[in-house]
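S.K.: Quick one: the structure is below, and I'll ask about it shortly.
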Amino acid sequence: VVSTQSTGSSGINAEYGGYEPLLDLWRPPIEDCSFCQIEDIDKRTNLSDEEFYEKYAYSGLPLLVVDGMKDWNTEVFNFDYFKRLYEKTDPDDNKDCQFFRYRTDFDSLEDVFNMESDRAQFKPGHKPWYIGWSNCVPSVARALRQHYKIPYFLGQSERTRDDWMFMGSPGYRGAPLHIDYVEYNSWQAQIRGRKKWTFVPPPECWRQCPHRQSVIVQPGNIFVFDSNRWFHSTEILQGEYSLTIGAEYD
């Protein structure tokens, strides 16, 4: 499901409760706005790596690869599986790994895995949560990567050192509107649940790209976009909890 909506700066202010100048403080301005001059988001299957790199890889065009998780075996991924993996590690091993608490009361991944069971299993009546973390512990990364591989359409792309996990309650807001400062473009695979992505072009492109874009990513899909160019936010839709894994590509 893909949708677009025309909006100007006033529309952005209405949707997101006001534009936050601090988001732009250290960001270099974008000179070429052609990446956001689109009416719809491409949805592809059986995408060759040649076409991906020619049309999408570095263009800034968002892309939904419907069959992106081809030949993956991630059914074992859930809260209990991750908890068992990390219980075998020293908490100090995670101190240099990034952790995004968002609007939760967790200060670390250790706090997450120590929450009460009913809350961890998203039982009704318990406080919802959404968090993200990098799997920079080598033993954990090796265990996780036994179940998934670099998406087929990336061809011989080098794997970046860290992959990212994002997990949270159904019907709950995920990441607030933000822009990233990462080295490369990125992909994110939807393992469980459904996540709605909303993204807005940077202010210098508002006149050329007067559209707010949104896309609903389903289990098995991989969403690819340039998070350094698009402001973006996420929302977990009702139904199953959301679990995604993502990484950068060169």
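The values are calculated or read from the model by the stated rules, or taken from the named source; none is laboratory data. A quick note: this is a predicted structure, and the numbers were derived from the prediction, not measured. Positions of Cβ are backbone-derived with ideal geometry, glycine not excepted, and every protein chain shown enters the neighbour counts. To get the accessible areas, we keep the full protein, side chains included, count just its heavy atoms, and leave off ligands, DNA and RNA. Shrake-Rupley method; radii C 1.70, N 1.55, O 1.52, S 1.80 Å.
S.K.: Taking the highest mean first, how do the peptides 169-182, 29-42, 60-73 order by number of other beta carbon atoms within 10 angstrom per residue?
M.R.: 60-73, 169-182, 29-42
S.K.: Can I ask one more? Kirkwood Rh, Cα Rg: Rg to Rh for the range 171-245?
M.R.: Ratio of gyration radius to Kirkwood radius: 0.98.
S.K.: Which GluC sites (Glu not before Pro) from the range 174-242 combine a DSSP loop assignment with at most 11 other Cβ atoms within 10 Å?
M.R.: Hits after loop and neighbour filter: GLU183.
S.K.: Quote the charge dipole size of the chain about the Cα centre in Debye, to the nearest 20; the model charges only the Cβ of Lys and Arg (+1) and of Asp and Glu (-1).
M.R.: It works out to roughly 740 debye.
S.K.: Pop out the carbon and sulfur fraction of the accessible area of the chain as a percent, whole number, probe 1.4 Å.
M.R.: Looking at the chain in its full context, I get 47 percent from C and S.
S.K.: What is the distance, in nm, between label points placed 7 Å from the Cα along the Cα-to-Cβ direction at ASP93 and at ARG119?
M.R.: Between ASP93 and ARG119, the label points sit 2.6 nm apart.
S.K.: Please report how many Lys pairs in the chain have alpha carbons closer than 25 angstrom, counting only residues at least 8 apart along the chain or sitting on separate chains.
M.R.: Lysine pairs, 8 or more places apart or on different chains, close enough: 24.
S.K.: At a 10 angstrom cut-off on C-beta neighbours, averaged per residue, how do the peptides 144-152, 112-120 rank from highest to lowest?
M.R.: Most protected by this proxy first, the peptides run 144-152, 112-120.
S.K.: Can I ask one more? Using a Debye calculation, one point per C-alpha and no hydration shell, please list log10 I(q)/I(0) for the chain at q = 0.10, 0.12, 0.13, 0.16 Å⁻¹ in order.
M.R.: Calculated log10 I(q)/I(0) at the listed q: -0.49, -0.72, -0.85, -1.28.
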